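Report on the structure given below.
The values are calculated or read from the model by the stated rules, or taken from the named source; none is laboratory data. Please read all numbers here as calculations on a predicted model, not as lab measurements. All Cβ positions, glycine included, derive from the backbone under ideal geometry; neighbour counts span all protein chains shown. Ligands, DNA and RNA are stripped out before the accessible areas are found, and what is left, the full protein with its side chains, is counted by its heavy atoms. Shrake-Rupley method; radii C 1.70, N 1.55, O 1.52, S 1.80 Å.
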Amino acid sequence: MGIDPSKVTGAWSEPVERTWSATDAILYALGVGAAAEDPLGPELAFVSELTTGRPQRVLPTFATIVGRPPVRVSDLGEVDHRMLVDGGRRVRWYRPLPPEGRALVRGRLAGVYDKGSGALLVSQAELRDAEDGELLCTLEAQAFLRGAGGFGGDRGPSGPRHQPPERPPDEVVTLRTRPDQALLYRLSGDRNPLHADPAFAEAAGFPRPILHGLCTFGFTGRALLQALCDHDPARLVAMEGRFSKPVYPGESLAVSIWRDEQGAIFQTTASSGQVVVDQGRCEVAAL
């Protein structure tokens, strides 16, 4: 298997139309655990269109589904998809996503970096409303292709980012994933067998199927909405984090939050004790 960085041109793709329904937004919310522990609580608005006196809301991290970059890893050459794992996300929102909509997405493969043990692939995307052309959000996705490093390319940016301060967190929000969480999340479109097929997961080096990195990202986003935004999706301006360790369905996720003037630094720790999302940073709009 070889990586050919010369095929990374940085050119933006032609726009691709994406549509979603209120049901798609609800399925996503259920897939990242919304309302599971309190079905009649404040997250009911994300999983039902019938909330009295309030229209259906959409979790901001749903943007990672409808705004996925329209680029193909296979353009780099032969790729063993068993070795490909999600590395992290960076999202900036310009207005809340509607419960149903139609948008145009364009993307590009922005960089391929040689990390020695593997290759880091960075792609970017813009999501615009198909009706008025206004920017809804921008996204950056990192994926790590294990075993594909050593091709002599640029190592890319490195070093610590968004390190928590040397003090206890201001708040810790703990959320539980279900044993079948990955199977629920797959309904939003990511059918990678790494998250459902025990034989595939074992061949990829894991003892059992792991949770999608973007599912962990969605759980973390819910915790930030709860702690910093009073569950109001319009207040979450930006969010980023690196997927540092795998999560197994059924684990609890503790999101530690250190507030600052713009929002917060955060990290997510699984019940195994491993930090599974690090270098976390979010920006929050004032009331």
Checklist outcome for this item: In whole angstrom, the spacing between the Cα centers of the range 258-281 and the range 120-173 equals 15 Å
Checklist entry - Size of the dipole of the range 95-162 about the Cα centre, Lys and Arg at +1 and Asp and Glu at -1 on the beta carbon, nothing else charged, in debye to 20? => result 380 debye
Next on the checklist: Given bins 10 angstrom wide, list per bin the percent of all Cα-Cα distances in the range 119-184, short to long.
Outcome noted: 12, 21, 30, 32, 5
Next on the checklist: Using Cα springs under 10 Å in a Gaussian network model of the chain, which residue among 94, 185, 248 shows the largest mean-square fluctuation?
Outcome noted: 94
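Please give the per residue accessible area of the chain, computed with a probe of 1.4 Å over protein heavy atoms only, in Å².
Each residue of the chain exposes 46 Å² on average to a 1.4 Å probe.
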Checklist entry - Quick one: putting +1 on the C-beta of Lys and Arg, -1 on the C-beta of Asp and Glu, what dipole do you get for the range 56-196 around its Cα centre, in Debye to the nearest 20? => result 200 debye
Item to check | Proximal charge balance of residue 242 [Cβ under 12 Å; K/R count +1, D/E count -1] | outcome: +1
Next on the checklist: Rounded to the nearest percent, how much of the accessible area of the chain (1.4 Å probe, protein heavy atoms only) is carbon and sulfur?
Outcome noted: 50 percent
Item to check | Most mobile of 67, 273, 33 in a GNM of the chain (Cα contacts under 10 Å) | outcome: 273
Checklist entry - How big is D, in µm² s⁻¹, for the range 188-287 by Stokes-Einstein at 10 °C and 1.306 mPa s if Rh is the Kirkwood radius over C-alpha pairs? => result 110 µm²/s
Checklist entry - In square angstrom, rounded to the nearest 10, how much accessible surface does residue 258 have for a 1.4 Å probe? => result 20 Å²
Item to check | Heavy-atom SASA rank of 146, 191, 18, 90 (probe 1.4 Å, accessible area, largest first) | outcome: 191, 90, 146, 18
Item to check | Cut-off 11 Å between beta-carbons: net charge of the residues surrounding residue 60, Lys and Arg +1, Asp and Glu -1 | outcome: +4
Checklist entry - When the convex hull of the Cα atoms of the chain is projected onto a plane and the area is averaged over all directions, what value comes out in nm²? => result 15.1 nm²
